[in-house]
Amino acid sequence: MTDRFAVLWTRAGGTPTKMGSLVATTRECRFSYDAGFVHAGLPGFSLLAPVEQLLDKSPVVRAATERFPLHPRLMALIPPNSPGNLQRRVYAELLSKKKPPPAPGFETEWGILMLAGRNGIGHLDVFPSDLEAEDWYTQQAGETAVIGGRSGIWGLLRDEVRQSGSIGADSAQVLADVMGPTPSVGGMTTKLLAAIPDLPVWGGAMARPGTRAVHQTPYTDAVIKIEQPGYEGITVLEELCYTVHEAMGFRVPRRWTLEIEGLRILAVERFDRTRAGLPIPYESLLTTFSSGSPSVTSTSDLLLPEVAAWIKKLARLCAIDVKTTLREIFSRIAVALMTGNGDLHLDNLGFLGGSRDVVLAPVFDPAPMRAWPRHNMRLATPIDFVHDEPMYRQIAKAGTAFGFTLSEALDVLYRVGDATQDYRKLVTASKGVPSAQKKQLRDIVAAERRLLDETIMSTRKPPAAPRTSSG
């Protein structure tokens with residue numbers, strides 16, 4: 001097989017700029033910075049490949065594996081290979097029409113990257129050539145076409161979301177035109193990237209990602225999350241959890257809810273874009289860690305204390321406030337435990353910004369997945385639990401890796417428990433959530449609160465003010 005070539009560009013500085021060149025084979029993936037980019041002062045390819053620490057002729061090399069046939073930073077731009085990912089099905093259908101169609105594995109991933117590798121989450125845009133990059137940026141500058149509203153597109157999306165098999169060629173082409181060459185986002189819920197009107201209420205109008213205005217109405221980029229069969233009520237519960245985080249002072253994106261063509265939809269504003277629409281670098285913890293080690297290939301490959309250790313190592317390469325980052329991650333874990341979100345894994349935490357200004361990204365995907373029995377897991381990033389010690393004392397011990405003393409970690413858990421004491425009532429009052437999911441979630445949260453109370457009582461005297469029970 002011949003080597004595959006591509007180029008990486010970015011708009012992070014306001015003007016499209018070539019970042020470097022990519023060479024990929026079935027054995028390895030090599031990225032080299034362009035000589036002019038090294039001195040441009042722009043964020044680079046990855047937090048683990050900072051421009052200022054690499055010479056213009058020192059490539060970033062990553063051996064190919066079955067899980068990562070391309071560099072993890074590039075794999076994050078490719079729609080995940082799962083039946084529920086609508087965009088993956090669309091581009092798989094388009095690729096299947098090629099003569100010959102690409103082989104599974106490296107050839108398919110590369111083909112999808114060339115079809116859908118730009119304007120995704122973060123600041124990297126991938127093109128087959130510099131000429132195609134220049135043409136695409138020129139087209140983007142003038143495109144304002146509306147692709148949604150109360151038109152047939154929502155009906156088509158409804159029909160395709162409700163199935164997980166192959167997609168017809170005509171539908172695939174229509175949806176490809178709607179979504180543009182832009183990668184979607186993984187997860188249990190179908191997600192698309194689009195621009196929507198920047199107004200208090202959303203009526204369903206959409207435009208391609210990056211659209212700033214349509215007919216003088218301002219637009220903003222958002223992740224469009226579509227509720228699908230088997231997860232009825234998930235958008236309602238996710239919005240509830242966003243509200244809980246917001247009330248506790250966590251940074252959360254703006255959201256819009258919508259019911260259209262029999263679909264429930266939650267639109268979440270993209271935090272990887274400035275108010276002017278310029279891209280901000282973003283990498284999930286999984287992408288960052290797997291870029292640094294071939295031993296990290298999934299969200300469960302590290303124990304929770306090891307996550308803290310890796311973030312401390314990251315500070316050697318970029319300007320991250322380790323103390324603030326670690327403490328917020330543990331606080332988010334505490335909220336996840338008290339709201340039934342067992343899905344706070346390494347792909348649902350991320351870094352925002354380049355190596356000179358990286359911070360923890362705002363809260364996203366806080367849905368309480370434990371409401372569905374098949375997702376009933378306490379911690380997506382595990383702890384090596386033992387049987388003869390209170391559960392939450394062990395969780396607090398893990399918190400010591402995040403910069404807390406044992407007593408401080410228990411205080412964090414207690415304060416979050418206290419701040420979420422009305423959560424079960426809010427779940428009960430939620431409209432559109434099946435009663436079975438409500439009961440499952442209430443029972444799980446009640447059990448976690450009992451375990452926390454038992455730990456608090458056995459470890460130290462509780463505060464003078466008694467806690468109020470909730471139903």
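The values are calculated or read from the model by the stated rules, or taken from the named source; none is laboratory data. Fair warning: this is a prediction, and the values are worked out from it, not measured in the lab. Counting neighbours? That spans all protein chains shown, and the Cβs are built from the backbone with ideal geometry, glycine included. Please note that ligands, DNA and RNA were not included when accessible areas were found on the heavy atoms of the full protein model with its side chains. Shrake-Rupley method; radii C 1.70, N 1.55, O 1.52, S 1.80 Å.
Using DSSP to call loops (not H, G, I, E or B), can you name the trypsin sites (Lys or Arg not before Pro) in the range 217-321 whose Cβ has at most 16 other Cβ atoms within 10 angstrom?
Listed in order of number, the matching sites are Arg251, Arg254, Arg275, Arg316.
Run the simple label-point estimate for Asp177 and His215 please: 7 Å along Cα→C-beta, distance reported in nm.
For Asp177 paired with His215, the spin-label model returns 2.0 nm.
Write out the trypsin sites (Lys or Arg not before Pro) in the range 64-101 meeting two conditions: DSSP loop, and at most 13 other Cβ atoms within 10 Å of their Cβ.
Listed in order of number, the matching sites are Arg67, Lys97, Lys98.
Looking at Leu413, Gly432, Ala446, which one has the Cα that reaches farthest to the positive end of the dipole of the range 398-455 (charges on Cβ: Lys, Arg +1; Asp, Glu -1)?
Gly432
Go through the range 1-85 and name the GluC sites (Glu not before Pro) that are in a DSSP coil and have 12 or fewer other Cβ atoms within 10 Å of their Cβ.
Listed in order of number, the matching sites are Glu66.
Can you figure out the FRET efficiency of Ala141 with Ala169, using R₀ = 22 Å and their beta-carbon distance, to the nearest 0.05?
0.10
Please get the size of the charge dipole for the chain, origin at its Cα centre, with Cβ charges of +1 on Lys and Arg and -1 on Asp and Glu, quoted in debye to the nearest 20.
That gives the chain a dipole magnitude of about 780 debye.
I need the semi-axes of the equivalent ellipsoid of the chain: take the C-alpha gyration tensor, multiply each eigenvalue by 5, square-root it, list largest first in whole angstrom.
37, 28, 20
Loop by DSSP (not H, G, I, E, B), at most 16 other beta-carbon atoms within 10 Å: where is the longest site-free stretch of the chain for chymotrypsin sites (Phe, Trp or Tyr not before Pro)?
Longest run free of exposed loop sites: 1-249.
Tell me, in nm to one decimal, what length is gained between His39 and Asp130 on full extension, where the rule is 0.36 nm per residue of separation less the Cα-Cα distance?
That works out to 30.8 nm of additional length.
At a Förster distance of 22 Å, what's the computed FRET efficiency of Glu246 paired with Asp321, Cβ-Cβ distance as r, to 0.05?
0.50
Hey, can you find the accessible area per residue of the chain for me, probe 1.4 Å, expressed in square angstrom?
I get 42 Å² per residue for this part.
Computed FRET efficiency, Cβ-Cβ of Thr15 and Asp301, R0 35 Å: what is it to the nearest 0.05?
0.35
Using the structure shown, select from Lys313/Lys397; Lys97/Lys431; Lys191/Lys425; Lys191/Lys438 the pairs with a Cα to Cα distance greater than 32 angstrom.
Cα-Cα > 32 Å for Lys97/Lys431; rest within.
Of the options Tyr282, Gln228, Met75, report the single residue whose Cα projects farthest towards the positive end of the charge dipole of the chain (beta-carbon charges: Lys, Arg +1; Asp, Glu -1).
So the residue furthest toward the plus end is Gln228.
Tell me the label-point distance for the pair Phe385, Met457, using the 7 Å Cα-to-Cβ offset, in nm and rounded to one decimal.
Going from the Phe385 label point to the Met457 one covers 2.0 nm.
Limiting things to C-alpha atoms, what are the Rg and the maximum Cα-Cα separation (Dmax) for the range 30-120, in angstroms?
15.4, 43
Treat the range 335-471 as a sphere of radius equal to its Kirkwood radius over Cα pairs and apply Stokes-Einstein at 4 °C in a medium of 1.567 mPa s; give the translational diffusion coefficient in µm²/s, rounded to a whole number.
Result for D is 79 µm²/s.
Let me have the 222 nm mean residue ellipticity of the chain computed from DSSP H runs of 4+ only, each contributing -39500 (n - 2.57), with the sum over all residues rounded to the nearest 500.
Only helices count here, giving -11000 deg cm²/dmol.
Ignoring ligands, DNA and RNA, what percent of the 1.4 Å accessible area of the range 263-363 is carbon and sulfur?
Here carbon and sulfur together make up 54 percent of the probe-accessible area.
Work out, step by step, the length gained on full extension between Ala429 and Lys97: first 0.36 nm times the residue separation, then minus their alpha carbon distance; give nm to one decimal.
114.6 nm
Between Glu408 and Met377, what is the label-point separation in nm under the 7 Å Cα-to-beta-carbon projection?
3.0 nm
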